[in-house]
1. Residues being loosely packed, with under 15 Cβ neighbours inside 10 Å and either within 23 Å of ALA311 (Cβ to Cβ) or of a type in the set (Val, Ile, Thr) (or both): count how many of those fall in the stretch 538-566.
2. Among the residues in the stretch 430-442, are any at pLDDT 95 or above, of a type outside the set (Lys, Arg), within 13 Å of VAL580 (Cα to Cα) and under 16 Å from the mean Cα position of the chain (by Cα)?
3. May I ask you to list pairs of residues, at least six apart or on different chains, whose Cβ atoms are under 6 Å apart, with the first in the stretch 541-555 being modelled with pLDDT of 85 or more and the second being part of a strand (DSSP E or B) and of a type in the set (S, T, N, Q)?
4. On the given criteria, is ARG422 under 25 Å from ILE277 (Cβ atoms), of a type in the set (Lys, Arg) and crowded, with 16+ Cβ neighbours inside 10 Å?
5. Does at least one position in the stretch 253-272 carry a residue that is in contact with an Asp or Glu (Cβ under 6 Å, 6 or more places away or on another chain), crowded, with 16+ Cβ neighbours inside 10 Å and assigned to a loop (DSSP other than H, G, I, E, B)?
6. Any residue in the stretch 464-492 that's without any contact (Cβ under 8 Å) to a residue 12 or more places away in the chain: show its pairings with residues that are among the hydrophobic types (A, V, I, L, M, F, W, C) at Cβ separation under 9 Å, as long as the two are six or more apart or on different chains.
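The values are calculated or read from the model by the stated rules, or taken from the named source; none is laboratory data. Values in this document were obtained by computation on a predicted structure and should not be read as measured data. FYI the Cβ positions are ideal-geometry reconstructions off the backbone, even for glycines, and counts take in every protein chain you see.
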Amino acid sequence: MCGIVAATAQRDVVPLLIAGLKALEYRGYDSAGISVLEDGKLARVRAAGKVRELEALYDAHPVAGVTGIAHTRWATHGVPNTINAHPHVSSDRVAVVHNGIIENHVELREELKAHGYRFESETDTEVIAHLVDHALSRGADLRGAVLSATRRLHGAYAIAVLSRDQPGQIVGARRGSPLVAGLGDGEHFLGSDVQALIKQTSRFIYLEEGDIVEISREDLAIFNADGEPVERPVRTSELSADAVERGEYRHYMLKEIFEQPRAIADTLEGRISENRILPNIFGVNADALLSRVKHVQIVACGTSYHAGLVARYWLEGLVGLPCSVEVASEYRYRHVVVPEGTLFLAVSQSGETADTLAALREGKRHGYLGSLTICNVPESSLVRESDLVLMTRAGPEIGVASTKAFTTQLAALALLVFELARLNGIEPARYSRLVAELATLPRVVGEVLKLDPEIAALAERFVPKHHALFLGRGVHYPVALEGALKLKEISYIHAEAYPAGELKHGPLALVDEDMPVITVAPNNQLLEKLKSNMEEVRARGGELFVFADTDAPVAQSGSRGAVLKIASGGNLIAPAVFTVPLQLLAYHVAVLRGTDVDQPRNLAKSVTVE
């Protein structure tokens, strides 16, 4: 959410700023604006709503300049309107755009008022503009003023700053929110991500935590948080202009599986800092609603439903809040009893899933405390119609079988669980440990992806099979459900998932030498129970494939089946981690069976009809 584009060039930069904002629309936003230096003065155009509204204002009253900044805003402090839209200015000398949340803005606001500054907006961002202007008035240059200002900020930020006193120059800085610099020929750029600038350049520098960058037409210089010059590597992006090319990958699904570390990191970026969740990530005044939640009703379909099932274990186990999870197509057609203080939580990749959208609309008639949507598409109906929203930032997902949508949903749901846990008095040390564990998820998933060759070899043993069973216990039963769904979706092998303890209540009758049984075995309190279930399979001649935690005492038994060791990274993030090898297994089986991996028969990416 929120997006930054900035440019200094020998040409009018306004068209490329607007193009960059359009490329960032997937991030989610509710207003947009640009500011350029025109004839030595700051010119500014802002609009509530979409970039097209901004573009219409620009067409009616054009501005032009060779140095400018632009922004799409998702409201956190102050309602969505033109006054709160970025860029924010100070003394007609400084313009600032900002992603993130400044936690100490109230204290800074009072201090700046004492210095004579007047505030026009309700945003936390305006304090940055005034801090920079105040430093300039005391003799600092623009870079020094930005450095001085950022040293006063608590929270997360990525900023781009323009000053009429130093035309042709832009200064950016980042901490907790992403910012990249783009290198051109006689022009340089800043952006929230590569996609904002890919039409202008393919060469980028990814700024590191605390970096300050200074750009002009001919020069680009980077300084660390202490103001010392530093070098950062220049990388050539393989991202296409429309961000939907397969690149080096054979299929979109494989590309999207391998994009998961980055997608998860993007989902967490700017939302956690120093082992805590930053405020207002769910929207303005979210705490006022979330602090009253006594029960959570999750409604979703398919893969998103499985993510909701994982969240139920977290909500009840970590927060102590009762949670119900229901398939949207069932929920909407039954009589619903809503306990007092219930939050309606919709989970959807597309935000246009017909059953989930209908369930949300139905739910509004049943007296819920409020609604929250976790989604990947910012302009979708679910997002527009919910009280609170958290975007997953998975980027484009082309393959019909969701992969990075699922793991980013788990990351987003974990953020919600932590926020509810904080509001319900979780022990601070435990809270910090859990947030720290979540922050490791991108790295741990990256390590699991290195097992791809082993999983590809394992997939060969599934090619002649017609059926498969998946087993899991506790929070990993939904992981087994998701693994079975992936296999059936793209390989057309009939697959079912069960809680492992249910084997003896029926499914064990299906187990023979032709029935592969895939088991998820994390090293948790249920492992010994699970091992007993595994022995039940072996005793019936079943072929057992175990995805086991590296610390779990699970060993190969005989020549049949296999044990693959997975470094889970911890009990909290294990469901997301164990999902990844199951995705890879389904992918490689489908490839070997010659099915249409990206567009499996009878299925659509976004189910917009009942």
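1. Residues flagged as loosely packed, with under 15 Cβ neighbours inside 10 Å and either within 23 Å of ALA311 (Cβ to Cβ) or of a type in the set (Val, Ile, Thr) (or both) within the stretch 538-566 amount to 1.
2. yes
3. VAL546/THR519
4. Judged against the criteria, ARG422 is a match.
5. no
6. LYS488/ALA468; LYS488/ALA495; LYS488/ALA586
Residue by residue, here is whether (1) over 27 Å from PRO499 (Cβ atoms); (2) surrounded by fewer than 18 Cβ atoms within 10 Å (Cβ to Cβ); (3) not aliphatic (A, V, I, L, M) holds:
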{"site": "GLY395", "(1), (2), (3)": "yes, no, yes"}
{"site": "THR407", "(1), (2), (3)": "no, no, yes"}
{"site": "ARG433", "(1), (2), (3)": "yes, yes, yes"}
{"site": "GLU447", "(1), (2), (3)": "yes, yes, yes"}
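A quick yes/no check of all residues on (1) at pLDDT below 95; (2) among the β-branched types (Val, Ile, Thr); (3) more than 27 Å from VAL284 (Cα to Cα):
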| position | (1), (2), (3) |
| --- | --- |
| ARG109 | no, no, no |
| GLU126 | no, no, no |
| HIS130 | no, no, no |
| SER137 | no, no, yes |
| HIS154 | yes, no, no |
| LEU162 | no, no, yes |
